[in-house]
1. Hey, could you check the range 208-260 for residues that are among the hydroxyl-bearing types (Ser, Thr, Tyr) and more than 30 Å from ARG284 (Cα to Cα) and say which is farthest from the chain's Cα centre (by Cα)?
2. Looking at the range 282-300, can you tell me whether even one residue there is within 23 Å of ALA169 (Cα to Cα) and in contact with a Pro (Cβ under 8 Å, 6 or more places away or on another chain)?
3. Tell me whether the range 130-145 contains one or more residues that are small (Gly, Ala, Ser), closer than 25 Å to GLU289 by Cβ, at pLDDT below 85 and surrounded by 14 or more Cβ atoms within 10 Å (Cβ to Cβ).
4. Filter the range 200-227 for residues that are within 19 Å of SER165 (Cβ to Cβ) and surrounded by 20 or more Cβ atoms within 10 Å (Cβ to Cβ) and give the result.
5. Just to check your reading of the model, which residue among ASP273, ASP237, ASP328 is out of contact with any Phe, Trp or Tyr (no Cβ under 7 Å at 6 or more places or on another chain), of a type in the set (Asp, Glu), in a strand (DSSP E or B) and modelled with pLDDT under 95?
6. Filter the range 264-274 down to residues that are among the hydrophobic types (A, V, I, L, M, F, W, C) and either closer than 30 Å to GLN200 by Cβ or exposed (fewer than 15 other Cβ atoms within 10 Å of the Cβ) (or both) and give me whichever is nearest to the chain's Cα centre (by Cα).
7. Do we find a residue being touching a residue at least 60 places away in the same chain (Cβ under 8 Å), of a type in the set (S, T, N, Q) and outside any loop (DSSP other than H, G, I, E, B) anywhere in the range 277-297?
8. Which residues, taken from the range 291-314, are crowded, with 18+ Cβ neighbours inside 10 Å and closer than 16 Å to ASN266 by Cβ?
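The values are calculated or read from the model by the stated rules, or taken from the named source; none is laboratory data. It should be emphasised that the depicted structure is a prediction, and the values quoted were computed from it without experimental measurement. Backbone-built Cβ (ideal geometry, glycine too); neighbour counts: all protein chains shown.
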Amino acid sequence: MKKIYLCGALLCAVSNAALAQNPFAIPQEKGWSGWVNLGVGGIRRASNLSAGSSLEADKGARTDSLFESPDAVSVPTPAFAADIRYTMVPGKLQFYFGGLIQDILRFDLAQQVGVRYHPEGYGVVSASVVFTGVPRNVWEDPYLENIDRDETQREALGFRLGYSSIERAGPEFDYTYRSISLDEESGAALVASDVLTPFQAAMLDREGSTHFVSAGYRVPVDRCNRLIPQVIYEESDLDGEAVSGSRVGLQMTHVWTSKPWTVITNTYAGLRDADDEHPLYSERADASEWAINSRVSYRQCFGWENWSCFASAGYGRSNSDISFFDVDLTNVSAGVTYRF
């Protein structure tokens, strides 16, 4: 069973104005800064694991088969994101809250409260608490057939340590630890029907921890174009061995800016390896994953200073060796961004 990684890729809404500059540099003036996105959108999702967020009017509570790919459902969704910062010591010390640029670039909707420090002669180091902003819902027992499944919240709490060069071209690294918990976890139906033993059902326990490492480099191509290649590795150490595993991926972000326009395109490709065979299918839920999204922004739309309009679209796909765990996602959104 795979972590719902692609959902973040297609639900994010990032400030293009913020991406057009170095997102980690600490301002030379004391005070508040940041950006806020407001918009609406829609998502078409096919997943037997994800039940959407608590902000979505979700559907898809029933599955007809444990051996087929999931049916798709379409739901409206808000397109909201924010990055709020307070610089206490100009150029040196800053506190921040919200969904950071580096998260959204790698398809992660986590929220953070943290501190960023710039020692003289080095890049910016950061430390933060990472938590679930808008809770994600999953199915309490995803293996129920032909009856409505109940939702339960999946929450994550942890910390992040990071480093980023403040130069126009330079490296960025970070490590994130998360503890994963579900309000309710159940595999009772398979045990009650003698499909699995209690020991086998325990192999599907989705609580535990994850370790996430990324390394990237900002590459200015010319005055208008910038590339950000990243290598991503994630280890899921969950209580159930069949749903634990590792993921390795490559992401490329292309930023094109020519005032008043900004176009950002993210592409991701990765592989996931499960630690053990799934007891229901007698094989590992290994998967290949890819996603692409693009966003167009127009600054000072309607003549409003500090405002921009945006439109975005994305598609993601995870092909599992077990069809039940396939994921297919399409997202569109539009709205405005206010930068201060």
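1. Across the range 208-260, the extreme among qualifying residues is SER258.
2. no
3. Just the residues of the range 130-145 that are small (Gly, Ala, Ser), to begin with: 133.
After this cut, where a residue has to be closer than 25 Å to GLU289 by Cβ as well, the list is 133.
Then keep just the ones that are at pLDDT below 85; that gives 133.
Filter once more, keeping what is surrounded by 14 or more Cβ atoms within 10 Å (Cβ to Cβ): 133.
Yes, the range 130-145 contains at least one residue that is small (Gly, Ala, Ser), closer than 25 Å to GLU289 by Cβ, at pLDDT below 85 and surrounded by 14 or more Cβ atoms within 10 Å (Cβ to Cβ).
4. SER214, GLY216, ARG218, ARG226
5. Matching residue, one of ASP273, ASP237, ASP328: ASP328.
6. Here is the first cut: in the range 264-274, the ones among the hydrophobic types (A, V, I, L, M, F, W, C) are 264, 269, 271, 274.
If we keep only those that are either closer than 30 Å to GLN200 by Cβ or exposed (fewer than 15 other Cβ atoms within 10 Å of the Cβ) (or both) too, we end up with 269, 271, 274.
Values: ALA269: 14, LEU271: 16, ALA274: 20 Å.
Of everything passing the filter in the range 264-274, ALA269 is nearest to the chain's Cα centre (by Cα).
7. Scanning the range 277-297 turns up at least one residue that is touching a residue at least 60 places away in the same chain (Cβ under 8 Å), of a type in the set (S, T, N, Q) and outside any loop (DSSP other than H, G, I, E, B).
8. Matches in the range 291-314: ALA291, ASN293, ARG295, SER297, PHE310, SER312, GLY314.
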